[in-house]
1. Output the 0 to 90 degree angle, nearest 10, between the alpha-carbon long axis of helix 22-34 and the longest principal axis computed from the alpha carbons of the chain.
2. For region 95-134 and region 45-75, what is the separation of their C-alpha centers, rounded to whole Å?
3. If I stretch the segment between ARG156 and ASP118 completely, what's the gain in nm (0.36 nm per residue apart, minus their alpha carbon distance), one decimal?
4. Percent relative contact order of the chain, based on C-alpha pairs within less than 8 angstrom and at least six residues apart?
5. When Lys and Arg each count +1 and Asp and Glu each count -1, what net charge do the other residues less than 13 Å away from ILE83, Cβ to Cβ, add up to?
6. Which FRET efficiency, nearest 0.05, do ARG165 and ARG40 yield, Cβ-Cβ r, R0 35 Å?
7. Could you list, in their original order, any pairs among LYS7/LYS159; LYS93/LYS171; LYS93/LYS159; LYS7/LYS52; LYS37/LYS93; LYS129/LYS159 whose Cα atoms are separated by more than 22 Å?
8. So if I place +1 on the C-beta of Lys and Arg and -1 on the C-beta of Asp and Glu, and nothing else carries charge, what would the dipole magnitude of the chain be about its Cα centre? I want it in debye, nearest 20.
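Just so it is clear, none of the values below were taken in a lab; they were calculated from the coordinates. Being a predicted model, the structure only gives us computed values, none of them experimental. Note that we place each Cβ from the backbone using ideal geometry, even for glycine, and neighbour counts take in every protein chain shown.
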Amino acid sequence: MYYLVSKEDTVRIPPDRLGEDLDTLVGELTHTTFEGKVDRSRLIVLVTNIGKIGDGHIIHGDGGVYQRVKFDALMFRPELQEIVQGTVCEILKFGAFIRFGPLDGLLHISQIMDDRIDIDEGGNRLVGKDTKREIRVGDDVRARIVAISMNERSPRESKIGLTMRQPGLGKISWLEEERGEGRGAKKTAAPKEKKPKK
């Protein structure tokens, strides 16, 4: 889920950049310092509306200037039991990685469908033995988050577990077929009008 939060924090201006335009420099350093970082289990996706707060401070022995800043942060925090829609970005022997928003989640092979799964490494796909339904890289899917372990030091290494073994979840084309909207859905013709007899 996405949140927009107003924040205040500090950026360090290196001494070799002190001659540059301060507003531009503070904006650039705020972007590079905070975007892509995890704060309280929320990933900061984007910072905007950046402004300085007061004057900067120099700490003895450092040489850099520490400037307080205020900004709006667009943050993403996955929630347990949240339904997410994403794209299969990698197929492995033990499942598939699904990219949703700025993060990836693991869809373990046991959580794909109520069918045994064949792994087709050459075709880079996972196939149901009985249903013949398959998942490939690039497929759009809907899944539920069942486990979260955010890594604050390296957000891309956060562990998010997903499942598609519930009604309303799965590959989007499967869901469309179940609702009668897919390519394989049978269309019924409108009944022909009967002409009145004379």
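1. So the helix axis and the longest Cα principal axis differ by about 50 degrees.
2. 44 Å
3. Details: separation 38, 0.36 × 38 = 13.68 nm, distance 2.82 nm.
Stretched fully, the ARG156-ASP118 segment lengthens by 10.9 nm.
4. Numbers: 389 pairs, mean separation 34.3, N = 198.
Once divided by the residue count of the chain, the mean separation gives 17 percent.
5. Values: positive: ARG142, ARG144; negative: GLU79, GLU82.
Residues near ILE83 contribute 0 overall.
6. Numbers: r = 31 Å, r/R0 = 0.88.
Result of the calculation: an efficiency of 0.70.
7. Working: LYS7/LYS159 26 Å; LYS93/LYS171 19 Å; LYS93/LYS159 17 Å; LYS7/LYS52 12 Å; LYS37/LYS93 30 Å; LYS129/LYS159 28 Å.
Violating the 22 Å Cα-Cα cut-off are LYS7/LYS159; LYS37/LYS93; LYS129/LYS159.
8. 1760 debye
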